[in-house]
């Protein structure tokens, strides 16, 4: 699933809103895991990646088959960041560009929103020239596990 924020108009709080959404998704996933565990069903894991940057968006196709698309380096990087949840065995990975934007726009709430995140050494993502610094967040193991 891909979620975008700031469409159709970017706002200062887009990065903060995206991070709040990721936190809410993790909380919902934890409830779902607990329900499945109580029923004896296999535990399902969720990995969320969040990146901040510009994207190209618009309608593509023909009159008979029109679709709204979001493309560009930001979208590709977000996908690569999400893929790191499996490598780091964690629930959430965010890019340093997102962290910087949250701190820039909402310094008063950044500390609470970023509590529990661990800054990782820069990592080379496929398709990127420069290494990317990411931050990871894992739900406590007692709460249900991670990827």
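Nothing in this text is a laboratory measurement; each read-out follows from the coordinates by a stated rule. Everything numeric in this text was worked out from a predicted model, so none of it was measured. Glycine gets a Cβ as well: all are built from the backbone with ideal geometry, and neighbour counts include every protein chain shown.
The angle separating the long axis of helix 96-105 from the principal Cα axis of greatest extent in the chain is about 80 degrees. For the options 28, 79, 97, a Gaussian network treatment of the chain with springs between C-alpha atoms closer than 10 Å singles out 28 as fluctuating the most. Here each label is just a point 7 Å from Cα along the line to Cβ, and for residue 121 and residue 96 those points are 1.3 nm apart. Only beta bridges with both residues in segment 2-147 are counted; by DSSP, about 80 percent of them are antiparallel. Given their separation in residues at 0.36 nm each and the Cα-Cα distance between them, residue 35 and residue 112 gain 25.0 nm when the chain is fully extended. Working from Cα pairs under 8 Å separated by at least six residues, relative contact order for segment 1-71 is 19 percent.
Which log10 I(q)/I(0) values, to two decimals, does segment 14-141 give at q = 0.14, 0.20 Å⁻¹ under the Debye formula with one point per Cα? Normalising to I(0) and taking log10 leaves -0.70, -1.14. Report summary: the helix-based calculation at 222 nm, which adds -39500 (n - 2.57) for every DSSP H run with n ≥ 4 and divides by the residues of the chain, gives -13000 deg cm²/dmol. Full extension of the segment from residue 44 to residue 73, taken as 0.36 nm per residue of separation minus the current Cα-Cα distance, would add 7.5 nm. Using bins of 10 Å that start at zero, the share of Cα-Cα pairs per bin across segment 14-86 amounts to 17, 32, 28, 18, 4, in whole %. Here the Gaussian network model covers the chain, with springs between Cα atoms less than 10 Å apart; of 126, 100, 80, 126 fluctuates the most.
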